[in-house]
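J.: What follows is a structure written as structure tokens; I'll ask about it next.
All of the numbers you see were taken from the coordinates with simple rules; none came from a lab. Here the structure is a predicted model, which is why all the values come from computation and not from measurement. Here the Cβ positions follow ideal geometry from the backbone for every residue, glycine too, while neighbour counts run over all protein chains shown.
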Amino acid sequence: MTDNHAKALTQLWCRLARVTAFSFTASNGPGSTTDWRGHARGTVELADNGQQLLFLESAHFTHSDGREMDMRNRYRWTLLPDSVRLEHLRRAEPVLLFELQPVTAHGFRQVAPHLCGADEYTAELLLHANEIELIWQIHGPRKNERLHYHYW
């Protein structure tokens, strides 16, 4: 890993440890048969044990047709020597989503796609001056979705 990539990883970790809020937008593209469209804005309760950060996300999701529902997610970020790991803690066992490695001084990309059945998940993360942007793409036989997070 280059010095710039090591600095990017350190900067990302420091910024993740200060997150208190997020916004989320779900959209789908051509060929998608899901109805996962809408947005949310909420809070992040953070638990930090040094090498891992637990994000407890809470928000109200507003579907594109106006329906509202509670949205809660539990994510665990883990600092690794060359990357950060993102896991979803939805079930009893953590689900590995991505390991994100620096590709530029402010940009990260998944090391390998996450496969869930016939669906493939990819992600990129961008560090901006005032926020962290995380973009997931999900492609599969019935899915063409984009999940767009902003953390600050």
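J.: Could you list the square roots of 5 times each eigenvalue of the Cα gyration tensor of segment 1-85, that is, the equivalent ellipsoid semi-axes, sorted largest first and rounded to whole Å?
T.: They are 30, 17, 10 Å, listed from largest to smallest.
J.: Does segment 101-152 come out rounded, prolate or oblate by the C-alpha gyration tensor, with a ≥ b ≥ c the root eigenvalues, rounded set by a/c under 1.5 and, if not, prolate when a/b is larger than b/c and oblate if not?
T.: Cα axes put segment 101-152 in the oblate bin.
J.: Length gain on complete extension for the stretch Asp119 to Arg41, per 0.36 nm per residue less the alpha carbon to alpha carbon distance?
T.: 25.4 nm
J.: Still on this structure: Rounded if a/c is under 1.5, else prolate if a/b beats b/c, else oblate: with a ≥ b ≥ c from the C-alpha gyration tensor eigenvalues square-rooted, which is segment 41-152?
T.: Rounded is the answer for segment 41-152, as its axis ratio a/c remains below 1.5.
J.: Please give, to one decimal in nm, the separation of the simple spin-label points placed at Ile135 and His63, each 7 Å out from Cα toward the Cβ.
T.: Those two pseudo-labels are separated by 2.7 nm.
J.: Okay, next question. Mind telling me which of Leu12, Leu80, Leu97 comes out most flexible in a GNM of the chain, alpha-carbon contacts under 10 Å?
T.: Most flexible of the set in this elastic network: Leu80.
J.: Can you tell me the orientation of helix 3-16 relative to the chain, as the angle in degrees between its alpha-carbon axis and the longest Cα principal axis, to the nearest 10?
T.: Long axis of 3-16 versus the principal axis of the chain: about 60 degrees.
J.: Assign one of three labels to segment 1-45, namely rounded, prolate or oblate, based on the Cα gyration tensor with a ≥ b ≥ c the square roots of its eigenvalues; rounded applies when a/c is under 1.5, prolate when it is not and a/b is larger than b/c, and oblate otherwise.
T.: Taking the square roots of the gyration eigenvalues as a ≥ b ≥ c, segment 1-45 is oblate.
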